[in-house]
Amino acid sequence: MNGFEIPLATIWSIARMLLEILIIAFVIYKTLYYLRSARGSYVLAGIIILLGVMSLLSRQLHLEVITFLLNWILTWLPIGLFIIFQPEIRRAFAQLGSFAIWKGKRRREVIGELVAATGNMARRKCGALIVVERRIGMQTLIDDSVKLDIKVNAMVLESIFFPNSPLHDGAVIIRDDRIVAARAILPLTRVENISRRLGTRHRAALGISEDTDAVTIVVSEETGTISIACRGVLHRDLAISELESYLEKLIIQEQDDADLAETVQMLEEQSERQSGEHL
């Protein structure tokens with residue numbers, strides 16, 4: 001019987017090997033999951049966390065295979081990151097190339113087209129949902145939408161949201177001075193005690209503003225009123241002049257959170273004054 005006994009060291013070696021295989025499989029699964037579903041910044045954070053966990057485990061448990069794998073990954077990581085984030089890197093270089101132009105004239109042109117389209121649709125009570133991307137990317141939403149590449153134009157926006165047109169359902173996403181997606185499905189707000197008078201478009205505008213720093217314009221199909229959502233706050237019944245002022249502060253001046261809070265307060269005070277005048 002002694003000939004069939006397995007040394008304890010061998011059992012531990014096999015168990016350690018199985019543990020390493022399970023850890024590696026888990027790491028690969030999680031990495032692929034992040035690459036598929038998350039934004040670029042979250043993907044990078046996920047990779048860093050996973051590498052940190054692997055490093056800690058390999059040191060504490062003396063896992064030689066994982067230690068070797070870590071060294072190999074760190075050697076090739078720069079090339080891997082370049083491949084993974086190739087679209088983001090290409091976009092960053094493109095933005096640098098056109099930064100001076102986009103910074104001024106084109107942004108004002110975009111705002112002019114947005115204001116014109118919004119005003120026309122509001123007068124006709126044509127429902128609309130327009131998302132303007134800022135610093136936080138929305139590539140995942142764009143990938144799941146109807147992709148476009150059209151310069152922002154009031155007539156194009158109005159034709160997209162024209163009743164019964166093929167693209168009128170969902171949201172339009174604008175990146176820089178281009179319409180990059182239509183029929184985008186936005187996440188709805190997580191706020192439960194929201195007014196029942198708000199429809200799906202308003203709830204979607206709030207939802208995307210809770211997840212990103214995007215600016216979202218809403219035109220009500222029932223009343224023709226104009227609303228705008230940013231940073232989880234919805235401002236309703238805006239005049240065209242207020243909409244234009246808000247867009248200038250957010251898109252041209254690129255206000256940070258502190259300045260944005262001042263803008264929000266200013267618009268709330270304007271809304272209160274208007275309500276008082278109506279009363």
Item to complete: Within the stretch 53-73, work out how many residues are over 23 Å from TRP12 (Cβ atoms) and in contact with a helix residue (DSSP H, G or I) (Cβ under 8 Å, 6 or more places away or on another chain).
Response: 1
Discussion item. Step by step: first the residues of the stretch 132-176, then only those that are assigned to a loop (DSSP other than H, G, I, E, B) and of a type in the set (Val, Ile, Thr), then the one that is surrounded by the most Cβ atoms within 10 Å (Cβ to Cβ). Which residue is that?
Written reply: VAL152
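I'm trying to understand the selection: among the residues of the stretch 189-209, which are modelled with pLDDT of 90 or more and surrounded by fewer than 18 Cβ atoms within 10 Å (Cβ to Cβ)? Lay out the reasoning, then the answer.
Filtering the stretch 189-209 for residues modelled with pLDDT of 90 or more gives 189, 200-209.
Of everything in the stretch 189-209, just one residue is modelled with pLDDT of 90 or more and surrounded by fewer than 18 Cβ atoms within 10 Å (Cβ to Cβ), namely THR200.
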Discussion item. Modelled with pLDDT of 65 or more, in contact with a strand residue (DSSP E or B) (Cβ under 6 Å, 6 or more places away or on another chain) and either among the β-branched types (Val, Ile, Thr) or assigned by TED's automatic domain parsing to the domain that holds SER209 (or both): which single residue out of ILE130, ILE111 fits that description?
Written reply: ILE130
Discussion item. Kindly evaluate ALA182 against the criterion of being surrounded by 18 or more Cβ atoms within 10 Å (Cβ to Cβ), over 19 Å from GLY119 (Cα atoms), free of Cβ contacts under 8 Å to residues at least 60 places away in the same chain and touching a helix residue (DSSP H, G or I) at 6+ places or on another chain (Cβ under 8 Å).
Written reply: yes
Worksheet item: Out of all the residues in the stretch 32-68, which are under 30 Å from ILE142 (Cα atoms) and either at pLDDT 70 or above or surrounded by 16 or more Cβ atoms within 10 Å (Cβ to Cβ) (or both)?
Response: TYR34, ARG39, GLY40, VAL43, LEU44, GLY46, ILE47, ILE48, ILE49, LEU50, LEU51
Item to complete: Could you check, for the stretch 149-156, whether at least one of its residues is in the same structural domain as LEU238 (by TED's automatic domain parsing) and within 16 Å of HIS235 (Cα to Cα)?
Response: no
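Could you check, for the stretch 9-22, whether at least one of its residues is aromatic (Phe, Trp, Tyr) and at pLDDT 75 or above?
Scanning the stretch 9-22 turns up at least one residue that is aromatic (Phe, Trp, Tyr) and at pLDDT 75 or above.
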Fill in: Residue list for the stretch 177-234, filter: farther than 21 Å from ILE136 by Cβ and assigned to a helix (DSSP H, G or I)
THR200
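The values are calculated or read from the model by the stated rules, or taken from the named source; none is laboratory data. Since we're looking at a predicted model, the values are computed, not measured. Here Cβ is always computed from backbone atoms with ideal geometry, including for glycine, and neighbour counts include all displayed protein chains.
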